[in-house]
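Notes follow once the structure below has been shown.
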Amino acid sequence: MSTGRYLAITGGVGGAKLALGLSKILPPEQLAFAVNTGDDFRHLGLLISPDIDTLMYTLSGDNNTETGWGRKGESWQFMDALAQLGGETWFQLGDKDLALHVERTRRLAAGESLTRCTSALAASLGIAHPIWPMSDDSVSTQVLTAGGPLAFQHYFVRDKCVPVVTGFAFQGSGNARINLEILHWLDQPDLAGVILCPSNPFVSIDPLLSLPGMRERLARCEAPVIAVSPIVAGAAIKGPAAKMMHELSLPVSATAVLRHYADFLDGFIVDERDSELQAELDSSGVAIKNAQTVMDSLEDRVALARVCVEFCASLPF
Ligand code: FO1
């Protein structure tokens, strides 16, 4: 198997699927995760980091595979009691998941960084691969809609992605610092690739790319930077990416995703069903790879992970 180290950039449920596949073929010394924190928000007095949690539960095998978020085998005593008290129940917090938010809130209140806190929580869940928040500074994704700006979770969960999107803003990213662990990993001489997992480009990848210097850092990366398309045959596998593209008057295609990353991308993996885009994709100057990118089974996740690693190794650098 490949030598060298990889950085996987991920957010949301789709990204976590490939992250799991990568974790099965690369040991912790060769694979680290940079995770979106634009979804983070304070709710019921708790600091909640959904994309970090989705990744942790997925890597530890604790994730709820039906919803993609939260833990499996949950009980809902807390939510039931909260409903009885007239509390806010639009954001569902299972009893075991609640413990994670309480412990994270306690650690951060005690002065721990989100990075330090995440490392401790991941270790307690038996995860050995490094998981780094994109920044320890606060960045909040705002979804701009015809009816005004919405906090991400209000758009995504409370309003069920119904509002028409006109754009995005990443509050705080202007002076948020890229996690130094990520920059250090990218500076290693044995870096062999950066892999953008098939996450929503606008709300799961762009918050990280909005950090000052991040796009430039990827553009001058000493190893291939590749992405896996989250759009397959004109649709998103899960979530609002296709709806957002339509509302932003972008073609709902893998090609539009490629264009979104073209300034720093060396390779792009599209599903076999998008092979008719070959000519359009080739004109971008970015190396294209066709593969099965729809991941239903663990074997699918591992197979796509292998394709990513081999694709990086095949690119001239
Ligand atoms: N997504 C929902 O659609 N409904 C929920 O009630 C919900 C609760 C929730 C609790 C903890 C957590 O870590 C994630 C949760 N999510 C829920 C997903 C969350 O909205 C994420 O931001 C999405 O996964 C997109 O990244």
Between segment 141-178 and segment 1-61, how many Å separate their Cα centres? 21 Å
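What is the chain's relative contact order, in percent, from Cα pairs under 8 angstrom and six or more apart in sequence? Please list the in-between numbers first.
On the way: 610 pairs, mean separation 65.2, N = 317.
Taking the mean separation of contacting Cα pairs over the length of the chain, I get 21 percent.
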Given backbone amide H placed at 1.01 Å from N, residues whose amide H is under 5 Å from that of Ala236, ignoring those fewer than 5 places away on the same chain, are Ala242
Starting from the Cα gyration tensor of segment 184-272, multiply each eigenvalue by 5, take the square root, and state the resulting semi-axes largest first in whole Å. 25, 14, 10
At 222 nm, what value in deg cm²/dmol follows for the chain if DSSP H runs of at least 4 each add -39500 (n - 2.57) and the sum is divided by all its residues, to the nearest 500? -10000 deg cm²/dmol
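Net charge near Gly70: determine it from the other residues with C-beta under 11 Å of the C-beta of Gly70, scoring Lys and Arg +1 and Asp and Glu -1. Don't skip to the answer; put the middle values down first.
Numbers: positive: Arg71, Lys72, Lys96; negative: Asp53, Asp62, Glu66, Glu74, Asp95, Asp97.
Charge balance in the 11 Å sphere: -3.
Using Cα-Cα distances under 8 Å and only pairs 6 or more residues apart, what relative contact order does segment 119-203 have, in percent? It would help to have the intermediate numbers written out before the result.
Values: 84 pairs, mean separation 25.8, N = 85.
Relative contact order of segment 119-203: 30 percent.
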Hey, which lysines would be in cross-link range of Lys160, C-alpha to C-alpha under 25 Å, not counting anything within fewer than 8 residues on its own chain? Lys17, Lys72, Lys96, Lys238, Lys243
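How much length, in nm to one decimal, is gained on full extension between Arg220 and Glu247, taken as 0.36 nm per residue of separation minus their Cα-Cα distance? Let's see the in-between values first.
Values: separation 27, 0.36 × 27 = 9.72 nm, distance 3.21 nm.
Gain in length upon complete extension: 6.5 nm.
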Backbone N within segment 100-115 under 17 Å of label point (7 Å from Ala81 Cα along the Cβ vector): 100-103
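Find out how many positive minus negative residues lie around Ser135, taking Lys and Arg as positive, Asp and Glu as negative, among other residues whose Cβ is under 14 Å from that of Ser135. List each step's numbers first, then the result.
On the way: positive: Arg116, Arg177, Arg217; negative: Asp39, Asp40, Asp51, Asp136, Asp137, Glu181, Asp206.
My count for the surroundings of Ser135 gives -4.
For Ser2 and Lys160 in the same chain, what is the full-extension length gain: residue separation times 0.36 nm, less their Cα-Cα distance, in nm? Could you put the intermediate results ahead of the total?
Details: separation 158, 0.36 × 158 = 56.88 nm, distance 4.15 nm.
Stretched out fully, the Ser2 to Lys160 stretch lengthens by 52.7 nm.
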For segment 15-135, with the dipole built from +1 on Lys and Arg beta-carbon atoms and -1 on Asp and Glu ones, taken about the Cα centre, which of His43, Thr105, Trp76 lies farthest toward the positive end? Thr105
Can you list, bin by bin at 20 Å, the percent of alpha carbon pairs in the chain, starting at 0? 34, 60, 6, 0
With Cα atoms, 0 to 90° folded angle of helix 95-109 axis to the chain main axis: 90 degrees
Using a basic spin-label model with each label point 7 Å from the Cα along Cα→Cβ, how many nm lie between Glu299 and Ala123? 3.7 nm
Compute the relative contact order of segment 135-290 as a whole-number percentage, counting only Cα pairs closer than 8 Å that sit 6 or more residues apart in sequence. 19 percent
What order, most packed first, do the peptides 124-134, 141-151 have when packing is the mean number of other Cβ atoms within 10 Å of each residue? 124-134, 141-151
Which angle from 0 to 90°, rounded to the nearest 10, does the C-alpha axis of helix 12-25 make with the longest principal axis of the chain? 60 degrees
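Coordinate-derived values only; no laboratory data. Remember, predicted model here, so these are calculated numbers, not experimental data. Virtual Cβ from ideal backbone geometry, glycine too; neighbours counted across all protein chains shown.
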